[in-house]
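Engineer: I have a structure I would like to understand better, so I am pasting it below and will then ask my questions one at a time.
The values are calculated or read from the model by the stated rules, or taken from the named source; none is laboratory data. Keep in mind that this is a model prediction, so the values were computed, not measured. Cβ sites come from the backbone with ideal geometry, for glycine too, and all protein chains shown count toward neighbours. For accessibility, only protein heavy atoms count, side chains too; no ligands or nucleic acids. Shrake-Rupley method; radii C 1.70, N 1.55, O 1.52, S 1.80 Å.
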Amino acid sequence: MREYLLTLCITAAVTYLLTGPVRKFAIVAGAMPEIRARDVHREPTPRLGGIAMFFGMCAGLLAADHLTNLNEVFEKSNEPRALLSGAALIWLIGVLDDKFEIDALIKLGGQMIAAGVMVMQGLTILWLPVPGVGTVALTQWQGTLLTVALVVITINAVNFVDGLDGLAAGMVCIAAAAFFMYTYRIWYSYGIEAAAPATLFAAVLMGMCLGFLPHNMHPARVFMGDSGSMLIGLVLAAGAISVTGQVDPDVMKLFSGSERNTVHQMVPVYIPLLMPLTIIAIPAADFVFAVVRRTWRGQSPFAADRGHLHHRLLQIGHSHSRAVLIMYFWAALIGFGALAYSVNSASMWIVLGIVFLSFIGLVLLLLPRFTPRAPRWAQHLVPPRYRRRRAATAPAASTPAASTPAAAASAAPAREAHDTCGVAAGVAGVNGATAVGPRSR
């Protein structure tokens, strides 16, 4: 555990220290697109944060290769090298997209090629535990197709959810934490060395996200871009593939006792099938809804819009930070709920706890729809959002017509500063690329 934590800290430190210089490089390189209709930020912000995340991953893997116990992962398995090869390819495609906005089909082809590179080096699904049947061995073509499909779905799911400051990095970090605890339990409790690569991947992924989050929280100073979102999606998929299709369930020796006991004991075997789905449950649901919504409208499935889950949270009335925290809450509930159920599936308290937390999450989700208003005598005792709004027509009616142009002229600069996306260069406190000269409006 100490070596895993050391790898995590090294990855996080390198990612954090490199993000600042990478931000300046992105500003100079012009990787700073104009505000689009579906964006929620108010000024152009540099991308290419995935560069720092990629080098942080390389530093973490390099450090793990020189540690006493984790070095065995590199000696006994080719999976870390397969991950590094696929990650380098998908990262390069993401960097080009952040700078030049390449076509969506080209990115899709690059994702499939990156998955194929990992398959060629041994990171593929060999068998699947099927409930009621047992372990089913897959042919080479079946394993390849299933691996490529899982990689492409995970990459695009993470890419789709990357719409608010700190959202994708935080959700993937939470998912990686739950996945790390699960794979470490398999490796430590059952003594299965085949789960060690997936545990290493989860530790490195947590370090990448934790190192980048301080720069990406609202208001974000830099975005990870496709170079970062596709990269962490690939690493997440690689860990799921490693523990799902490489760990033999028969090694756990859970087939004993009565049929009912066997069903409860087999839950940790079936969780690898469910864990990759639970850790990307919210991004995957957003991905499916987006494809159905755009296809129904006659658009391309890769056409951008403002119909994602995080956009709908903003439309309901949540603030930027509250929408991100709500998404964090649901990601943690799903990921750690599945983890707790895998540890003790017979406990009713776990199920009741998940149901209770789900109810709290729904209340928080719908809270802006049912915001109570305090009575008039208690207006000064409650926060402003719970106070009754005063009618705007009365002051306007009492205002002389001659003063209206002057009032409008005095309010125009404030309104313009609030609505426009442009900020003068050199203004302190801005979070975009405004420190390097003016830009086109």
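Engineer: Multiply the residue separation of residue 139 and residue 72 by 0.36 nm, subtract the distance between their alpha-carbon atoms, and state the gained length in nm to one decimal.
Structural biologist: Full-extension gain reported as 21.3 nm.
Engineer: Can you list the residues of the range 147-173 with backbone N under 16 Å from a point 7 Å past the Cα of residue 292, pointing along Cα to Cβ?
Structural biologist: Taking a point 7 Å out along Cα→Cβ of residue 292, no residue of the range 147-173 has its backbone N under 16 Å.
Engineer: May I pose another question? Stretched out fully, how many nm does the piece from residue 185 to residue 380 gain, at 0.36 nm a residue minus the Cα gap?
Structural biologist: 64.9 nm
Engineer: Next question. So who's got an amide H within less than 5 Å of the one on residue 135, skipping anything under 5 residues away but keeping other chains? H placed 1.01 Å off N, in plane.
Structural biologist: Placed amide hydrogens put 130 under 5 Å from residue 135.
Engineer: While we're here: For residue 127, what residues show an amide H to amide H distance below 5 Å, using hydrogens built from the backbone and excluding near sequence neighbours?
Structural biologist: 138
Engineer: P(r) for the range 72-206: what percent of alpha-carbon pairs falls in each 5 Å bin, starting at zero?
Structural biologist: Values per bin, smallest distances first: 2, 9, 14, 20, 22, 17, 9, 4, 2, 0.
Engineer: Got a number for the accessible area of residue 193? Probe 1.4 Å, square angstrom, nearest 10.
Structural biologist: Roughly 100 Å² of residue 193 is accessible to a 1.4 Å probe.
Engineer: Once label points are set 7 Å from the Cα along Cα→Cβ at both residue 103 and residue 366, what is their separation, rounded to one decimal in nm?
Structural biologist: 4.6 nm
Engineer: Per residue of the range 332-339, in order, report the coupling 6.51 cos²θ - 1.76 cosθ + 1.60 (Karplus, θ = phi - 60°) as ³J(HN,Hα) in whole Hz, putting x for Gly and Pro.
Structural biologist: Per residue, the Karplus-derived 3J(HN,Hα) values read 5, 5, 5, x, 6, x, 5, 5 Hz.
Engineer: Tell me, what is the FRET efficiency for residue 322 and residue 356 to the nearest 0.05, using R0 = 25 angstrom and their Cβ-Cβ distance as r? Display every interim value, and only then the final one.
Structural biologist: Details: r = 21 Å, r/R0 = 0.83.
That gives a FRET efficiency of 0.75.
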